[in-house]
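**Q** I am attaching a structure below and will ask some questions about it afterwards.
The values are calculated or read from the model by the stated rules, or taken from the named source; none is laboratory data. None of the values given here were measured: they were computed from a predicted structure. We place every Cβ from the backbone using ideal geometry, glycine too, and count neighbours over all the protein chains shown. The protein model used for the area step is the full one, side chains on, heavy atoms only, and it has no ligands, DNA or RNA in it. Shrake-Rupley method; radii C 1.70, N 1.55, O 1.52, S 1.80 Å.
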Amino acid sequence: MTPTATRRRSPNTRIKRGLAAGGALAAVTLLATGCLGLNTPNVDIPQGVPPGAGAAVPYLHINAPGRTADQLADWARPISAGTGIPLLAMEAYGNAAEIQRQQHPECGITWTTIAGIGSVESKNGTYHGAEIAADGHVSPPIRGVPLDGTGGNMSISASDGTTPAQAMGPFQFIPETWQRFGVDANGDGKADPDNIDDAALTAARYLCVSGGDLTSATGWVRAVRIYNNSDAYVREVASRANAFSVGVAY
């Protein structure tokens, strides 16, 4: 998940929508009839970038002890039920967005963008049967393919210099990126790429630093392309985020 690893394809990537000229998604509306995942009522799904913001995250006491994402259980529960995103993951996404809103309001990142990336990268922390514990820890650990230069991947060495690096955790961070941006978000004093709270906030920080103003189409696309420099990836994240913004499963 660095500019040097942008050819890596997420194991869960599916292409659904097309890019319009200029690299932004066409501002059209599609009608969901349950084909995106769970059975859903007919609902207009917004298109375009930035994706829809979804339900506003309640104010959080972001400096409270322990897992601050726990404060969002009531907010996250109906969204989780509609979108199929695990409750603990939804709490993590809302927590990350609200922390960024309070600390870096100029960024404007929303939980739907974080959820779109989490969905593509790891099925929201559930890839290959992984589960999310009450403290946000995801197990078994989710690891990407070795970045050894084969299969269209870049060649990136692990810290030992002898083995290929692998993307880590529910947001598939390359080790060197995690070392730079990784942050503790669940209150245990450790920045852990296998914890969905930590990974979601780290992803939000990385996107904000990379894109600047994510309320603009230019900033949003720039941020997501830094995460994975692929038109297909931008399309997929936007499609999922827009669906989630209106409570539709993808």
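**Q** For the stretch 38-54, which positions are part of a loop (DSSP other than H, G, I, E, B) and in contact (Cβ under 8 Å) with a residue 60 or more places away in the chain? Even if it seems obvious, please write down each step before you answer.
**A** Residues of the stretch 38-54 that are part of a loop (DSSP other than H, G, I, E, B), as a first pass: 38-42, 47-54.
Result: LEU38, THR40, GLN47, GLY48, VAL49, PRO50, PRO51, GLY52, ALA53, GLY54.
**Q** Report yes if some residue within the stretch 159-172 is crowded, with 16+ Cβ neighbours inside 10 Å, among the polar types (S, T, N, Q), modelled with pLDDT of 95 or more and within 23 Å of SER80 (Cβ to Cβ); otherwise report no.
**A** yes
**Q** For GLY66, all conditions in the list (1) of a type outside the set (S, T, N, Q); (2) more than 15 Å from TRP111 (Cα to Cα); (3) buried (at least 21 other Cβ atoms within 10 Å of the Cβ) hold save one; what is the number of the exception?
**A** So the condition that GLY66 fails would be (3).
**Q** Then there is this: Inspect all residues belonging to the stretch 137-144 and state whether any of them is open to solvent by less than 10 Å² (accessible area, probe 1.4 Å), touching a residue at least 12 places away in the same chain (Cβ under 8 Å) and hydroxyl-bearing (Ser, Thr, Tyr).
**A** No, the stretch 137-144 has no match at all.
**Q** Under 9 Å between Cβ atoms, at least 6 apart or on separate chains: pull out the pairs that start in the stretch 81-98 with a residue that is farther than 16 Å from CYS208 by Cβ and end on any residue that is charged (D, E, K, R) and surrounded by 24 or more Cβ atoms within 10 Å (Cβ to Cβ).
**A** LEU88/ASP197; GLU91/ASP197; ALA92/ASP197; ALA92/ASP198
**Q** Can you work out which of the residues in the stretch 220-232 that are closer than 17 Å to GLY118 by Cα, touching a helix residue (DSSP H, G or I) at 6+ places or on another chain (Cβ under 7 Å) and at pLDDT 95 or above is most open to solvent (accessible area, probe 1.4 Å)?
**A** Among them, the one singled out is ARG225.
**Q** I'm trying to understand the selection: among the residues of the stretch 105-142, which are assigned to a helix (DSSP H, G or I) and over 15 Å from the mean Cα position of the chain (by Cα)? If you could, list the steps in order and put the result at the bottom.
**A** At the first step, the residues of the stretch 105-142 found to be assigned to a helix (DSSP H, G or I) are 111-122, 127-129.
Those that are assigned to a helix (DSSP H, G or I) and over 15 Å from the mean Cα position of the chain (by Cα): HIS128, GLY129.
**Q** While we're here: Filter the stretch 201-219 for residues that are over 13 Å from the mean Cα position of the chain (by Cα) and open to solvent by less than 20 Å² (accessible area, probe 1.4 Å); which is nearest to PRO86 (Cα to Cα)?
**A** First, pick out the residues of the stretch 201-219 that are over 13 Å from the mean Cα position of the chain (by Cα): 209-219.
With the extra rule that they be open to solvent by less than 20 Å² (accessible area, probe 1.4 Å), the set shrinks to 211, 214, 219.
Details: GLY211: 27, LEU214: 25, GLY219: 28 Å.
Residue satisfying both the conditions and the ranking: LEU214.
**Q** Please go through the stretch 34-80 and pick out each residue that is in contact with a helix residue (DSSP H, G or I) (Cβ under 7 Å, 6 or more places away or on another chain), modelled with pLDDT of 95 or more and polar (S, T, N, Q).
**A** Within the stretch 34-80, THR68, SER80 qualify.
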